[in-house]
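The values are calculated or read from the model by the stated rules, or taken from the named source; none is laboratory data. This is a predicted model, so every value here is computed, not measured. As a convention, Cβ positions derive from the backbone with ideal geometry for all residues, glycine included, and neighbour counts pool all protein chains shown.
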Amino acid sequence: MSADKIYLDYAATTPVDRRVLEVMLPYFSEYFGNPSSIHTFGQQAEAAMENAREIIARCLFCNPSEVIFTSCGSESDNLALRGAALAARQSRDAKHILISPVEHHAVSRTAEQLAEVYGFELEYLPVDETGQVSPTQVAQHLRPDTAVVSVIYANNEIGTLNPIREIGEICRDRGVPFHTDAVQAAAYLPLDVDHLQVDLLSIGAHKFYGPKGVGALYVRNSTRLLPVQTGGGQEFGYRAGTSNIPYIVGMAEALLLAQQERQTRHAHLLPLRDFIIAHILQVIPEARLTGHQQSRLPNHASFVFHHVDGNALLMLLDVEGFACSSGSACKTGSPEPSEVLTALGYTRDWGLGSLRVTLGSESTQGAVESFVVVLPKLIQQLRSMR
Amino acid sequence: MPSRSRVVVAMSGGVDSSVAAALLKQQGYDVIGMMLRLWSEPGKADSNRCCTPDAMAQARRVAARLGIPFYAIDAQQIFREIVVGYFIEGYAQGITPNPCLACNRYIRWEYLLNHALALGADYLVTGHYVRLSNDTDGRIQLLRAVDRQKDQSYVLHVLTQAQLEHALFPIGDFTKPQVRQLAESLGLAVASRPDSQDLCFLAGDDYREFLLRNSPGIASPGMIQTRSGERLGEHRGLPFYTIGQRKGLGIAHTQPLYVLEKNIPQNTLIVGTEDELGSSELMVEKANWVRGEPPPGPFRAQVKIRYKARDAWAQVNPLSANKIQIHSEEPLRDITPGQAAVIYDDDICLGGGII
């Protein structure tokens, strides 16, 4: 990390934990075998992979045979949605897909394609102004021919947590597979799939101090899924392709650490998050917290500022040494208000002025204090340029 | 220059602005790359001349290679309103507008400059081929580039002292071949795209197609007449013709005929023979004098009435702060309302205005 820069974008990605890196290293050159091979090299790799699967299964309170390794959280979302929808159509002629309007694009774009190309009927659940889905609404929108329901566990843009367990119970009662995108949640929240009553759950390692390029999908044994990537029979036939052993090993270690250290990480981050939120709302006029006040990720503070160009703000912040993000993450200079903020009812002149500050292992009180000093000046500067 | 003075370089991904950035980086400036995301017609972003996804990727590669931060800034709305709006409106009023002038004045040297200053930069840098120097009384002079072929002072005559104070043009001292060599020696693998004078937002199209798409009612057919009122045929709409145009008039006549003027109230295109074309008198409005005020006039100077026109000697008479009367020593063909007349004292660009 650049020495003079302060990283406040842990929801985008996290650095690999040293301890995670350590356990990965032997699996690049020393134990390099292909776990599908018969010989000793293959067996060593397979042992490492199955050990990783067991670790992850313990974190999810599931059976190892229910953990599918993928290349990232997005792939997990794709496999869950497409796999479950196509299987439900094949087995029971289901054609209805129900998702929230605040899903990550990995879910919403997949659902849109299922509607546009595969002929499914896509319906969006309503959300309140904090971005939460109400279980009652799920009950009302479920149909006998619903193929799959997907509701994000913790939203990436606004940090809001959804009542996954309550929604899961309803879906379970109706016999409809329920998927949750837990990519942001995995770093900080319990992932007990039985408690959560989910049938499908996606994670991606780089959001919890693991490496990029690896993820997992929990698939309940009773849930029918068609493979999306076909080929060799890896991952119980759900996901073909030679297994990425070092990354899988790293992901398991990272998830284990995240679950073991959950209390201490919360204790570190919550006060910093609340300091930022309180300070910014107090000091900056026409500023609003986006998402839920209490029911939100412990490292996540997100705002909208009226009449501020969010992208210009990120640029100014970067030059000042603060790496943040916005709702309409856009490097090409063609900003549109994010679909999530639009779904929450924000108008364009608010939605374009979004800012996401996400904390993590290297965040300090000193860093957030200097941040809350700089931000109001930059906001004022941008407003005066209008 | 104070050490580590901060500059923002307007990068296009092309060789000129890439070399400009590299030169300043070499000189020890704290360099930030920026690209304006300008407006393009919906669905045509890929064929715009600048700020295409390709160009942006190229600029990012150059910035990464130089180890400088790079940001894209949204200027779509303001560009659509000010530059494209002016372009369409100009044609609707019968002139041949030069949107690059409006872009330089309001987008690059106001909107982008403000962003640069907001980042704490002292200078905005572009890859334009012009030079700056200091006048004896401390004012900044705008000079033609060393490479006369590439000189872009014509489009930058709109700059004021306040803007020039924050301007650097590092490649104006080099010829285009030298700039290409510099790019090579600096290890900048910049695609050698062909230079083009097409307007960036036309997306490779003819401007007439663009006008019809974006302002459907802009052109209505009318009569083609000579000065004496002889009716020769029908035109397809005045915006589709330029002063001095000969080809594509669609009329048969004993002598070659040229577009002399457009009579907007009567929607008539006036044509005539070559010797009727041209005039020595022109009036210029919305003038800008680079020094900030007109020189004591009348005075003799060189004048350029189009970007690629040759210099013409003329008597220049500043009538007021923003009005200039110009009397050229030879009659000038192609005097085109909407284009700029730019006035030079040899290498020094004194200013100019809209014909």
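When you scan the range A:74-92, do you find a residue that is outside the structural domain of A:Gly291 (by TED's automatic domain parsing) and outside any helix (DSSP H, G or I), even just one?
No.
When both residues are 6+ apart or on different chains and their Cβ atoms are under 7 Å apart, which pairs have a first residue that lies in the range B:278-304 and is charged (D, E, K, R), and a second that is assigned to a loop (DSSP other than H, G, I, E, B)?
Short answer, once both residue conditions are applied: B:Glu285/B:Asn322; B:Lys286/B:Asn322; B:Arg291/B:Arg139; B:Lys304/B:Asp311.
Being within 7 Å of chain B (Cβ to nearest Cβ) and buried (at least 22 other Cβ atoms within 10 Å of the Cβ) is the filter; apply it to the range A:316-338 and report the residue that is modelled with the lowest pLDDT.
The initial filter retains those residues of the range A:316-338 that are within 7 Å of chain B (Cβ to nearest Cβ), namely A:316, A:318-319, A:331-335.
Of the ones still in play, those that are also buried (at least 22 other Cβ atoms within 10 Å of the Cβ) are A:316, A:335.
On the way: A:Leu316: 93, A:Pro335: 71.
Among them, the one singled out is A:Pro335.
Kindly indicate which of B:Ile95, B:Ile88 is in contact (Cβ under 8 Å) with a residue 60 or more places away in the chain, more than 22 Å from B:Ser5 (Cβ to Cβ) and in contact with a strand residue (DSSP E or B) (Cβ under 6 Å, 6 or more places away or on another chain).
B:Ile95 is the lone residue from the list that is in contact (Cβ under 8 Å) with a residue 60 or more places away in the chain, more than 22 Å from B:Ser5 (Cβ to Cβ) and in contact with a strand residue (DSSP E or B) (Cβ under 6 Å, 6 or more places away or on another chain).
Being in a loop (DSSP other than H, G, I, E, B), crowded, with 24+ Cβ neighbours inside 10 Å and touching a strand residue (DSSP E or B) at 6+ places or on another chain (Cβ under 8 Å) is the requirement here; does A:Ile158 meet it?
Here the answer is yes, as A:Ile158 does meet what is asked.
What number of residues within the range A:36-74 satisfy the criterion of being small (Gly, Ala, Ser), touching a residue at least 60 places away in the same chain (Cβ under 8 Å) and closer than 14 Å to A:Leu217 by Cβ?
First, pick out the residues of the range A:36-74 that are small (Gly, Ala, Ser): A:36-37, A:42, A:45, A:47-48, A:52, A:57, A:65, A:71, A:73-74.
Of the ones still in play, those that are also touching a residue at least 60 places away in the same chain (Cβ under 8 Å) are A:36, A:45, A:48, A:52, A:65, A:71, A:73-74.
Among the residues that remain, those that are also closer than 14 Å to A:Leu217 by Cβ are: A:65, A:71, A:73-74.
Total meeting the criteria: 4.
Of B:Ala121, B:Ala145, B:Ala102, which residue is touching a residue at least 40 places away in the same chain (Cβ under 8 Å) and not basic (Lys, Arg)?
Sole residue among the options that is touching a residue at least 40 places away in the same chain (Cβ under 8 Å) and not basic (Lys, Arg): B:Ala121.
Quick check on A:Glu362: is it among the acidic types (Asp, Glu) and within 14 Å of another protein chain (Cβ to nearest Cβ)?
No.
Which residue pairs have Cβ atoms under 6 Å apart, sit 6 or more places apart or on different chains, and have a first residue in the range A:269-283 that is without any contact (Cβ under 8 Å) to a residue 40 or more places away in the chain and assigned by TED's automatic domain parsing to the domain that holds A:Val304 and a second that is small (Gly, Ala, Ser) and buried (at least 16 other Cβ atoms within 10 Å of the Cβ)?
A:Ile277/A:Ala301; A:Leu281/A:Ala287
If you take the residues in the range B:69-101 that are surrounded by 21 or more Cβ atoms within 10 Å (Cβ to Cβ) and among the small types (Gly, Ala, Ser), which one is farthest from the other protein chains (Cβ to nearest Cβ)?
Per the criteria, the residue is B:Ala75.
Give me the residue from the range B:23-68 that is within 11 Å of chain A (Cβ to nearest Cβ) and surrounded by fewer than 16 Cβ atoms within 10 Å (Cβ to Cβ) and, out of that set, modelled with the highest pLDDT.
B:Ala57
Hey, among A:Leu272, A:Leu257, A:Leu226, which residue is surrounded by fewer than 20 Cβ atoms within 10 Å (Cβ to Cβ) and in a helix (DSSP H, G or I)?
Answer to the check: A:Leu257.
For the range A:228-240, indicate whether the set of residues that are modelled with pLDDT of 95 or more and among the hydrophobic types (A, V, I, L, M, F, W, C) is non-empty.
no
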